[in-house]
Amino acid sequence: MLFEEALFVTVLASTLRGSMPMLLAALGETYAESAGILNLGIEGMMVAGAFASFLVGLQTNMVPLGFLGAAIIGAVLGGIIGFLVIGLRLNQIVVGLGMTVFTSAFCNLLHRIIFGSQFPMLWGAGMTTEIPVLSKIPIIGQPLFNQHWLVYVTLALVPVLYFLLYRTSLGLRIRAVGETPWAADASGVNVYGIRYLTIILAGVLASTGGAFLAIGDLAFFIPDMVKGRGYIAIVVVMLGRWNPIKVFLGSLLFGFALSLTSALQVAGLKVSPDFILTMPYLVVILTLIIIAKSTSLPAALCVPYKRGE
């Protein structure tokens, strides 16, 4: 019985922590896409957030400043994408992919310039915050209530972002801009302002998700550590149909796929590590096959807007 408990605890804890980077990125992407912007730069934003948080944390020896640095970088990158796709009305797909390629390569270059072939550790990163009483609940107490503080903040964000998007006038404006921007503009909604707001929010949350990966879950940075989580986050948004609560559930699904690595090790099964690493991506492919025909995208997604046209 003790073995089954250990396996369950390992899977539960790994699922929750493994889903956090994707969940943060997906929540921001939910708002961006709801306003009509497909942010394919999300992967690069996560890489930039991971690198910036690690570098700032390492230089200042203050982990919280690392998260702040990541959020600032995310806001800047979101603003740049906003200027290109909203202000200049450039193709969103080209801009997003270009942002990912550039930021990933640039962070890799900076890492080599600053650290060479070394991979230093940020001591103090990845620390957990135990919630009294709740953490003492048998079996589920430790995996659920002895987590990094950002896990609790992210979980609290899910209902807040759902309420804002579906129960407030701001959320109504965001969804209107993503469906019929010309009608929203005619009714007095600032289409450009709404889109800038959502893409900057997407940048902040995506970069914070990358920061969690580097200094929340781990304590180091390597150039390829994001491993497609940004693109998985876009699938999670589609799976969750632009609903933050359903996006949360979708993130848990992919977090569970990632947790299989730890689970199979605990179980002692001799499975190829390469096969285990492909599990999340197999889930992505299967999910796309299942939901592709039934997904209805926001009508103005990827459609540039110019008043009067």
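All of the numbers you see were taken from the coordinates with simple rules; none came from a lab. Every value quoted in this text rests on a predicted model; they were computed, and no experiment measured them. Using ideal geometry, Cβ is built from the backbone for each residue, glycine included, and neighbour counts are taken over all protein chains shown.
Quick look at the numbers
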| quantity | calculated |
| --- | --- |
| Spacing of the two label points (7 Å from each Cα toward its C-beta) at Glu179 and Phe275, in nm | 4.7 nm |
| Sequence-distant residues sharing a close amide H with Thr129 (under 5 Å, placed H) | Gln147, His148, Trp149 |
| On Cα atoms only, tilt of 273-291 relative to the major axis of the chain in degrees | 30 degrees |
| Equivalent ellipsoid, region 1-77 (semi-axes from 5 times Cα gyration tensor eigenvalues, Å) | 29, 21, 8 |
| Largest-first principal axis extents of the Cα set of the chain (Å) | 66, 44, 39 |
| The chain: relative contact order as a whole-number percent, Cα under 8 Å and 6+ apart | 38 percent |
| Theoretical ellipticity at 222 nm over the chain - DSSP helices of four or more residues, -39500 (n - 2.57) apiece, nearest 500 | -23000 deg cm²/dmol |
| Size of region 53-210 as Cα extents on the principal axes (Å, biggest first) | 54, 46, 23 |
| Highest average packing first - 130-140, 74-84, 194-204, 222-232, Cβ atoms within 10 Å | 194-204, 74-84, 222-232, 130-140 |
| Relative contact order %, region 104-176, counting alpha carbon pairs below 8 Å whose residues are six or more apart | 18 percent |
| Extension gain, Gln118 back to Tyr152 (0.36 nm per residue minus Cα-Cα distance, nm) | 9.0 nm |
| Efficiency of FRET between Ala6 and Leu65 - r from beta-carbon atoms, R0 41 angstrom, step 0.05 | 0.70 |
